[in-house]
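Quick notes on the structure that follows.
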Amino acid sequence: MSAPDDLLWRPLGPSDHGAVLALHRTVMAGLAPDVVKPETADFLAEMLGPRGRTIGVFAGDTLGAYGILQHDVPPADDPRAGLGIACDRPLLKLAGASVAPALRGRGLQRALIAARVALAEADAAVPPLLFATSAPANVPSWTNLLAEGFGVRALKPYYGGYPRYVMVRPVAPDAGEAESVMEGDPARQADLLNAGWHGIAQRTGPHGPILVFARRTTP
Ligand SMILES: CC(C)(COP(=O)(O)OP(=O)(O)OC[C@H]1O[C@@H](n2cnc3c(N)ncnc32)[C@H](O)[C@@H]1OP(=O)(O)O)[C@@H](O)C(=O)NCCC(=O)NCCS
């Protein structure tokens, strides 16, 4: 493995399509779509071209990680109406990240989230709404999104019926009340989300990962 200082970060473009597709297929091996959404070669080409911006991290000449920022979000993915958020608010999606197995556990996914947030905010005339979806079973993914300022606002089926947390940044201020719910208790989590709470932190309990909820003060 390379030391973090040896890694080179750069924006990716159409000529990187083969490397992105190969890394995506590597990380997807053995993963079910209820954990990570499998992407098509065409979707990745669009994210490296007109519909997104993608950041890559290289170890030498080899692509070791990437993160996608999608600025052209299809209506079926758009969470604004369902969350009571104005539909003219600029919207961008963090639309997938992969880290090669040899580079995992070094904070690269979290750093790729932070880099895409910075990219989205630098480009915007008004602060955009950022969102991402994350499978409850993909604990590293939603832990990293929470750590970078996203909050869980909904738990609903996405991508053909797979459960996903809908995670939004910035989060509304909370009223300070907190309740912790096991990752494996989706019914209680859905009740809290529907009652105006949001998920704001992760911690590990004696029986597995826990999502900490707080009551929101504003819609
Ligand atoms: C998910 C994935 C991107 C994580 O990449 P990574 O660079 O290793 O992640 P990071 O090092 O940034 O962070 C991992 C964090 O999750 C935490 N974590 C990992 N497994 C965990 C678990 N089972 N329970 C709780 N926390 C866990 C780690 O503690 C770490 O947090 P820390 O740095 O505070 O200790 C990588 O495993 C991957 O490519 N998976 C397949 C594709 C995927 O899931 N993409 C994301 C959704 S699109």
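For this structure, a couple of remarks:
- Rolling a 1.4 Å probe across the protein heavy atoms gives the chain an accessible surface of 47 Å² per residue.
- At R0 = 30 Å, FRET efficiency that the Cβ-Cβ distance of THR62 and LYS156 yields, to 0.05: 0.25
- Put simply, the Cα atoms of region 1-65 extend 33, 30, 15 Å along their principal axes, the longest span coming first.
- Here the label points at ALA178 and HIS207, each 7 Å from Cα along the C-beta direction, are separated by 2.0 nm in the simple model.
- Separation of the ALA29 and ALA118 label points, Cα + 7 Å toward Cβ, nm: 3.2 nm
- The Cα-based radius of gyration and maximum Cα-Cα distance (Dmax) for region 1-159 are 15.2, 45 Å.
- In region 70-176, the trypsin sites (Lys or Arg not before Pro) that fall in loop regions by DSSP, at most 14 other Cβ within 10 Å: none
- Between the C-alpha center of region 130-203 and that of region 1-61 there is a gap of 25 Å.
- Scaled against 2.2 N^0.38 Å for its residue count N, the alpha carbon radius of gyration of region 150-219 is 1.06.
- Each label was represented as a point 7 Å from its Cα along the Cα-to-Cβ direction; for TRP9 and ARG80 these points are 2.8 nm apart.
- Charge dipole (debye, nearest 20) of region 65-219; +1 at Cβ of Lys and Arg, -1 at Cβ of Asp and Glu: 260 debye
- Region 4-128: relative contact order in percent, alpha carbon pairs under 8 Å with at least 6 residues between: 25 percent
- Carbon/sulfur fraction of accessible area - the chain, other protein chains in place, 1.4 Å, %: 56 percent
The values are calculated or read from the model by the stated rules, or taken from the named source; none is laboratory data. These numbers come from a predicted model, not from an experiment. Backbone-built Cβ (ideal geometry, glycine too); neighbour counts: all protein chains shown. Heavy atoms of the whole protein, side chains included, go into the accessibility calculation; ligands, DNA and RNA do not. Shrake-Rupley method; radii C 1.70, N 1.55, O 1.52, S 1.80 Å.
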